[in-house]
Amino acid sequence: MSDRTALSWIEIDERALRHNLSALRRLAGPERELMVVVKADAYGHGMLPVARIALDSGAAWLAVFDVAEALALRAAGIAAPILVFGPTPRNLIRSAAEAGIALTIASPHAVDDVAAAAPAALRVHLKLECGTNRQGFLAEEFEHIVRLAGLPGVVVEGAYSHFADIEDTTDHTFAMQQLRSFEERVAQLGRQGVVPARLHTACTAATLLFPETYFDLVRVGIGAYGLWPSKETLVSVKQSGREPVALQPVMTWKTRIAQVKTLPAGVTVGYGRTYKTTRPTLLAVLPVGYANGYDRGLSNRAHALVRGQRAKVVGRVMMNMTTIDVTDVGGAAAGDEVVLLGSQGDERISAETMASWLDTINYEVVARAEPHGPRVVV
Ligand SMILES: *Cc1c(COP(=O)(O)O)cnc(C)c1O
């Protein structure tokens, strides 16, 4: 799909993406592999274009959540190593294995599935439970890892863990406990005769903060897209006395004004009549709404950018339309480009600002933007 047919679309800034990837690569150092996380349609940025640019910018690995995403990458001709983070049902194990996709194996049940599927050759990464209490083998389940490692064709290509409390705080005591627990569990595995080829624990926040979490590979998502994992992560980097990496946001979300109209003072706008004009108002109608990922929680709260100026969302965000007040934007007219997220002229609506309007995090804002619309690399 091109931006010529779509009424709203996402632009991704290739230069910014390459800049972020090379900054993260530099942090990780030449002796570690860079894994770029492209799950959730590359956090809303478009899985295929991001994957291609990432591999061209030095990523050794791609990571996705499920086998369907991994097979879509393969179908697009991407031959690079891919790791699936999520669970893989028994009926998909063989096709994943045949496509050379590495699977996360995180439970005794998943070992049963691999044994039953009996793929000719399968690359696995073990997920070890170290305190996030989500996915991963408990220490007392390691006999199942030994069973897995002994299955014909199974190659234990990696072992990893994921931090529970590294973005949400400037106190990293728990993260460091998890790191020690990971090291102990890897040692325990070694004593049981399983030695994974690579170890990894670092997400973006860990990559920005703690070289001791890197091991053989770093897994970066949010940072590649030019966003800080949190304010706390930025504060922590500054407190450590280091110069923060200059990350550049990659996503711009755009639409165009469909129609403008002048309303008198004292009339209401949209469903539920939640906004009443207090002056003669120039209203612009945008062809984007909650079905396009422009959250209904932005009603009477968000701003959009028109002609380099902020214009307030007035009234409720509708399924496919939103209304903004462009009275103070000189000359706003039908056809004008509108930035919903990103910058225009000297103004910017950051993912963090939109997240604050919605009481959420930048990750959710970008991941939910424009789920069906086109991604255009600029
Ligand atoms: C999503 C994910 C990441 C990436 O995290 P960021 O904070 O976006 O860098 C890394 N590892 C795992 C296991 C993940 O699920």
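The values are calculated or read from the model by the stated rules, or taken from the named source; none is laboratory data. Only a predicted model underlies this, so the values are computations on that prediction, with no experimental measurement involved. Here the Cβ is made from the backbone with ideal geometry for all residues, glycine too, and neighbour counts use every protein chain on show. Side chains included, ligands, DNA and RNA excluded: accessible areas come from the protein's heavy atoms. Shrake-Rupley method; radii C 1.70, N 1.55, O 1.52, S 1.80 Å.
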Legend entry - Wholly enclosed strands (runs of 3 or more DSSP E) of the range 311-378 bearing at least 1 residues touching an Asp or Glu at 6+ places or on another chain (Cβ under 7 Å) and modelled with pLDDT of 95 or more: 375-377
Inset, instruction - Could you run through the range 104-125 and say how many residues are part of a helix (DSSP H, G or I) and buried (at least 21 other Cβ atoms within 10 Å of the Cβ)? - result: 3
Inset, instruction - Give me the pairs, please: first residue somewhere in the range 227-239 and without any contact (Cβ under 8 Å) to a residue 40 or more places away in the chain and over 18 Å from V365 (Cα atoms), second residue anywhere and open to solvent by less than 20 Å² (accessible area, probe 1.4 Å) and part of a helix (DSSP H, G or I), beta-carbon distance under 6 Å, and either six or more positions apart or on two chains. - result: V237/L208
Inset, instruction - For residues that are out of contact with any Ser or Thr (no Cβ under 7 Å at 6 or more places or on another chain) and small (G, A, S), tally how many sit in the range 209-235. - result: 3
Inset, instruction - Only strands (runs of 3 or more DSSP E) wholly contained in the range 164-274 count here; list those with 2 or more residues that are aliphatic (A, V, I, L, M). - result: 217-220, 259-263
Inset, instruction - Could you identify the single residue in P108, P89 that is in contact with a strand residue (DSSP E or B) (Cβ under 8 Å, 6 or more places away or on another chain) and in the same structural domain as H162 (by TED's automatic domain parsing)? - result: P108
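Residue by residue through the range 143-164, note down the ones that are within 16 Å of the ligand (Cβ to nearest atom) and either polar (S, T, N, Q) or open to solvent by 50 Å² or more (accessible area, probe 1.4 Å) (or both). Lay out the reasoning, then the answer.
In the first step, residues of the range 143-164 are kept if they are within 16 Å of the ligand (Cβ to nearest atom); the result is 157-164.
Within the range 143-164, S161, H162 meet the criteria.
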Inset, instruction - Among the residues of the range 208-224, count how many are within 8 Å of the ligand (Cβ to nearest atom) and crowded, with 24+ Cβ neighbours inside 10 Å. - result: 4
Legend entry - Checking R316 against (1) open to solvent by 60 Å² or more (accessible area, probe 1.4 Å); (2) without any contact (Cβ under 8 Å) to a residue 40 or more places away in the chain, the condition it does not meet: (2)
Legend entry - the range 356-378 residues that are under 16 Å from A6 (Cα atoms) and in contact (Cβ under 8 Å) with a residue 40 or more places away in the chain, paired with ones that are open to solvent by 60 Å² or more (accessible area, probe 1.4 Å) and not acidic (D, E) (beta carbon under 6 Å, 6 or more apart): P374/M1
Inset, instruction - Looking only at the range 2-32, count how many residues are open to solvent by 50 Å² or more (accessible area, probe 1.4 Å), among the hydrophobic types (A, V, I, L, M, F, W, C) and assigned to a loop (DSSP other than H, G, I, E, B). - result: 1
Inset, instruction - Please state which one of R279, R256, R296, R301 is surrounded by 17 or more Cβ atoms within 10 Å (Cβ to Cβ), at pLDDT 95 or above and among the basic types (K, R). - result: R256
